[in-house]
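Data first, discussion second: the structure below is written as structure tokens.
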Amino acid sequence: MMSQAHKTRTGASAIAIAAALRPGDFGTIVHKHGTLYAAEYGLDGTFEAYVAEPLAAFVKATPNAGCIWFAHHDGEFAGSIAIVRHEQGQGQLRWFLVDPAFRGVGLGSRLIAEAMAYCERQRLADVHLWTFEGLDAAGALYERQGFHVTKRKQEHAWGRQLTLVHMAMKRSV
């Protein structure tokens, strides 16, 4: 685990971000989502399946399905994000996660900037995402990028009652 002093010295720039799937990255994303969301938000094991099933389909369909980025620091997983391509001109931001050991150094902003640059290059005019209330830091990052809330709905999901939030942005292409 990266210490606070190490975070200060290295910052987000010392963390490599690559759009290349390395052995173990798929499993790490599923594992990190499962354990982190259980510990921080009380979600149950069904959340891992929610992450794993579409992620597996995405990985099998790549390169036409979109792009996924992995952040690593000294070989250690630091975070991930993806843009899944849907109908022409549409994309969905998915699997955004920053490991707690790497929070607070600007990595989340770098990952979202990478994803939004991809959307610009691919001329994706409509980009959306699903999140839930309580993910305040991520929500603030989304809003700074131009996403806005389009829908909220109460749902029992992943072992608890949640307010799911749909956010979207229109981009000029």
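The values are calculated or read from the model by the stated rules, or taken from the named source; none is laboratory data. Computed from a predicted structure; not experimentally measured. Methodologically, a virtual Cβ is constructed for each residue, glycine included, from the backbone with ideal geometry; neighbour enumeration extends over all protein chains shown.
Evaluate the following for ALA82: is it among the aliphatic types (A, V, I, L, M), surrounded by fewer than 17 Cβ atoms within 10 Å (Cβ to Cβ) and over 21 Å from GLU40 (Cα atoms)?
Details: among the aliphatic types (A, V, I, L, M): yes; surrounded by fewer than 17 Cβ atoms within 10 Å (Cβ to Cβ): no; over 21 Å from GLU40 (Cα atoms): yes.
Criteria not met by ALA82.
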Practice prompt. Select from the range 32-52 the residues that are over 21 Å from PHE70 (Cα atoms), of a type in the set (A, V, I, L, M, F, W, C) and in contact with a Gly (Cβ under 7 Å, 6 or more places away or on another chain) and list them in ascending order.
Written response: LEU43
Worksheet item: In the range 142-162, is there at least one residue being out of contact with any strand residue (DSSP E or B) (no Cβ under 7 Å at 6 or more places or on another chain), free of Cβ contacts under 8 Å to residues at least 40 places away in the same chain and charged (D, E, K, R)?
Response: yes
Fill in: Residues satisfying the stated conditions in the range 90-100, i.e. among the aliphatic types (A, V, I, L, M) and touching a Lys or Arg at 6+ places or on another chain (Cβ under 8 Å)
LEU97
Fill in: Long-range neighbours under 8 Å by Cβ, at least six apart or interchain, first residue of a type in the set (Ser, Thr, Tyr) within the range 121-132, second surrounded by 15 or more Cβ atoms within 10 Å (Cβ to Cβ) and assigned to a strand (DSSP E or B)
THR131/VAL165; THR131/MET167
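Rundown of residues vs (1) touching a Lys or Arg at 6+ places or on another chain (Cβ under 8 Å); (2) closer than 26 Å to HIS86 by Cβ; (3) of a type in the set (A, V, I, L, M, F, W, C); (4) touching a residue at least 12 places away in the same chain (Cβ under 8 Å), yes/no style:
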| position | (1), (2), (3), (4) |
| --- | --- |
| TYR37 | no, yes, no, yes |
| THR46 | no, yes, no, yes |
| VAL51 | no, yes, yes, yes |
| ALA57 | no, yes, yes, no |
| ALA61 | no, yes, yes, no |
| HIS73 | no, no, no, yes |
Worksheet item: So which of LYS60, LYS7 is of a type outside the set (Asp, Glu), surrounded by fewer than 13 Cβ atoms within 10 Å (Cβ to Cβ) and modelled with pLDDT under 95?
Response: LYS60
Worksheet item: Does HIS166 satisfy being under 17 Å from the mean Cα position of the chain (by Cα) and either closer than 20 Å to TRP95 by Cα or not aromatic (Phe, Trp, Tyr) (or both)?
Response: yes
Worksheet item: Assuming ALA49 fulfils every condition listed in (1) more than 20 Å from TRP158 (Cα to Cα); (2) at pLDDT 95 or above; (3) over 14 Å from the mean Cα position of the chain (by Cα) apart from one, which condition is it?
Response: (1)
